[in-house]
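Engineer: Questions regarding the structure given below will be posed in turn.
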Amino acid sequence: MPLPKKASESHTIMTEMVLPNDTNTLNNLMGGRLLHWMDICAAITAQKHAHRTVVTASVDNVSFAEPIKLGNIVTFEAQVTRAFTSSMEVHIKVSAQNLSAGEAAVHTNSAFYTFVAVDQSGRPIEVAPVIAETEEEKSFFQSALRRRQLRLVLAGRMKPADATELKALFGESGE
């Protein structure tokens, strides 16, 4: 088993500028472009942790809280929250800022991505466990197992009855 690594070692910040080719007819950043950039940032984060090639396994719900406008600077901040056998959960936070107007950055999106580390043949390979140090890292680490079980249940890869963390959260009867 690889040696444990601090969550902070995977911390990644990526910045992009919204150009005309990135926008829709309302001059807002297209959702697909945003997801593309988020995937790149999250993949870099997972690779920092695994020191291996990684592939995207899933993306949790992404809501668009605020539009990102033409000319805005978009900042992506990501970190591995927890690692399982070969998979890693990455939390990514997105903010946008109109620098030319002197406006403060606004939180626009957040999501959890799951990546799997693979060897040269594309087979899953074991990754290092995560050491959570800060209160925020510990909170994300603790809740990651519930999010993982929910993803597996929704994907049909785990029976709801086997999702012990979810059962504990909602009670045995599911109420």
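Since every read-out is calculated from the coordinates, none of them should be taken as a lab result. Remember, it's a predicted structure, so these values are computed and weren't measured experimentally. Positions of Cβ are backbone-derived with ideal geometry, glycine not excepted, and every protein chain shown enters the neighbour counts.
Engineer: Report, in deg cm²/dmol and to the nearest 500, the calculated mean residue ellipticity at 222 nm for the chain, where each DSSP H run with n ≥ 4 adds -39500 (n - 2.57) and the sum is divided by the residue count.
Structural biologist: Computed mean residue ellipticity for the chain: -9000 deg cm²/dmol.
Engineer: Could you quote the convex hull projected area for the chain, Cα atoms only and averaged over all directions, in nm²? Let's see the in-between values first.
Structural biologist: Values: hull surface 49.6 nm².
Projected area, direction-averaged: 12.4 nm².
Engineer: Under a GNM of the chain (C-alpha, springs under 10 Å), which listed residue has the highest mean-square fluctuation: M158, M30, M17?
Structural biologist: Looking only at M158, M30, M17, the biggest GNM fluctuation is shown by M158.
Engineer: At a threshold of 8 angstrom on Cα-Cα distance, excluding pairs fewer than six apart, so keeping six or more, what relative contact order does the chain reach in percent?
Structural biologist: 25 percent
Engineer: Residue-wise, which Karplus ³J(HN,Hα) couplings in Hz belong to region 114-127, taking 6.51 cos²θ - 1.76 cosθ + 1.60, θ = phi - 60°, and x for glycine or proline?
Structural biologist: Residue by residue, region 114-127 yields 10, 10, 10, 7, 10, 8, 5, 8, x, 8, x, 10, 5, 10 Hz.
Engineer: Still on this model: What nm distance separates the two modelled labels at T85 and N27, each placed 7 Å from Cα along Cα→Cβ?
Structural biologist: 5.2 nm
Engineer: Take every Cα pair under 8 Å in region 1-94 that's 6+ residues apart, average their separations, divide by the length, and report that relative contact order as a whole percent. Don't skip to the answer; put the middle values down first.
Structural biologist: Working: 132 pairs, mean separation 37.5, N = 94.
Worked out over region 1-94, it gives 40 percent.
Engineer: Now for a separate question. I want to check a number: in the chain, how many lysine pairs have alpha carbons closer than 18 Å, given a sequence separation of 8 or more or different chains?
Structural biologist: 8
Engineer: Compute the long axis of helix 135-154 from its Cα atoms, compare it with the longest principal axis of the Cα atoms of the chain, and write down the angle in degrees, 0 to 90, nearest 10.
Structural biologist: Helix 135-154 sits roughly 70 degrees off the main axis of the chain.
Engineer: Compute a Gaussian network model of the chain, connecting alpha carbons closer than 10 Å, and tell me which residue from S86, S95, S63 fluctuates the most.
Structural biologist: S63
Engineer: Using a 7 Å offset from the Cα along the Cα-to-Cβ direction at both S143 and A104, what is the distance between the two label points in nm, to one decimal?
Structural biologist: Going by the 7 Å Cα→Cβ label model, 2.3 nm.
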